[in-house]
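Inspection log for the structure reproduced underneath, given as structure tokens.
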Amino acid sequence: MPATLVLTRPTPASLRFLAQIEAVTGANVSAIISPLFEIVPLPHAPLGVGDVILTSANAVAALTPEDHARGRTAWCVGEATASAAGAAGMHTRGADGDADALVELIRAEEPPSPLWHLHGRHVTGDIAARLQSAGFQVESRAIYDQAALLLSPEAREALDGDKPVVVPLFSPRTAALFAQRSPFAAPLHAVAISQAAAAPLAALPLASLTVAETPDAAAMLRSTCRILQSAE
């Protein structure tokens with residue numbers, strides 16, 4: 001029995017990921033898009049001079065014209081974030097997909113202060129504090145919220161059924177929101193981007209739990225495709 005894919009990121013990101021999965025597998029995938037949060041820009045004072053640090057493409061969408069992003073350098077956690085920043089007219093420097101790599105890149109390249117870490121209301125990684133301890137002047141600013149959503153009726157029906165379900169989870173908070181919406185009856189195969197994202201799933205009776213080999217979108221794509229093809 002082919003598995004159903006339940007995607008919990010905001011709709012644009014879920015659609016991109018689904019297209020990548022179908023390109024890799026060469027098949028139409030039975031998928032349900034049910035975001036567990038939505039991005040809500042937060043009012044914020046215009047940015048001062050300096051480079052920006054971006055740990056999500058969502059921060060790019062939350063920038064305002066008064067932030068004068070075009071022409072700045074953006075230090076980005078990974079390829080997707082760098083692509084969004086580049087499309088917004090920023091010069092980009094990209095790390096290899098996680099906060100540790102981004103901190104090490106900035107420490108090695110030593111961009112001039114001040115730096116602006118632009119992020120959501122819910123943030124992990126302590127990037128600003130770690131860079132401040134290394135001598136950088138960093139302003140940490142939340143410019144969007146990740147407002148929690150309930151599962152859609154279609155997702156709830158799939159998760160309460162008897163057909164296998166594969167759920168990729170791209171952050172610890174998304175995993176926690178998903179776990180809070182349990183119990184689920186379906187044979188559930190979870191794919192977590194990191195051990196931190198896997199931790200909130202510990203109490204769920206999963207059919208399988210896969211942690212991506214590296215905390216980035218490419219590894220999540222490989223792992224999700226593999227589990228989709230093997231789940232039954």
Estimated dipole of the range 80-164 in Debye, rounded to 20 [Cβ of Lys and Arg +1, of Asp and Glu -1, Cα centre]: 280 debye
statement: The alpha-carbon center of the range 150-175 and that of the range 76-127 are separated, in whole Å, by 30 Å
query: Percent of accessible area on the chain owned by carbon and sulfur, 1.4 Å probe?
result: 53 percent
query: For the range 158-232, rounded, prolate or oblate, judged on the Cα gyration tensor with a ≥ b ≥ c (square roots of eigenvalues), a/c < 1.5 rounded, else prolate if a/b > b/c?
result: oblate
- prompt: So how exposed is residue 133, as accessible area in Å² (1.4 Å probe, rounded to 10)?
  reply: 100 Å²
statement: In Å², rounded to a whole number, the accessible area per residue of the range 69-130 with probe 1.4 Å is 49 Å²
- prompt: Contour minus end-to-end for residue 152 and residue 100, with contour as 0.36 nm per residue of separation and end-to-end as the Cα-Cα distance?
  reply: 15.3 nm
field: Karplus-derived 3J(HN,Hα), 6.51/-1.76/1.60, for each residue of the range 42-58, Hz, glycine and proline x
entry: 9, x, 8, 5, x, 5, x, 5, x, 6, 10, 10, 10, 10, 7, 5, 4
query: trypsin sites (Lys or Arg not before Pro) within the range 36-117: which are DSSP loop residues with at most 11 other Cβ atoms inside 10 Å?
result: 70
statement: Summing -39500 (n - 2.57) over every DSSP H run of at least 4 in the chain, dividing by its residue total and rounding to the nearest 500, the 222 nm mean residue ellipticity is -10000 deg cm²/dmol
statement: For residue 22 the rounded accessible area (nearest 10 Å², probe 1.4 Å, non-protein molecules ignored) is 60 Å²
- prompt: With springs only between Cα atoms under 10 Å, which of 16, 141, 156 fluctuates most in a Gaussian network model of the chain?
  reply: 16
Heavy-atom accessible area order for 4, 92, largest first, 1.4 Å probe: 92, 4
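The values are calculated or read from the model by the stated rules, or taken from the named source; none is laboratory data. All values derive from a computational prediction rather than experimental measurement. Glycine also receives a Cβ, built like all others from the backbone with ideal geometry; neighbour counts cover every protein chain displayed. In case anyone asks, the SASA skips ligands and DNA or RNA and just uses the protein heavy atoms, side chains included. Shrake-Rupley method; radii C 1.70, N 1.55, O 1.52, S 1.80 Å.
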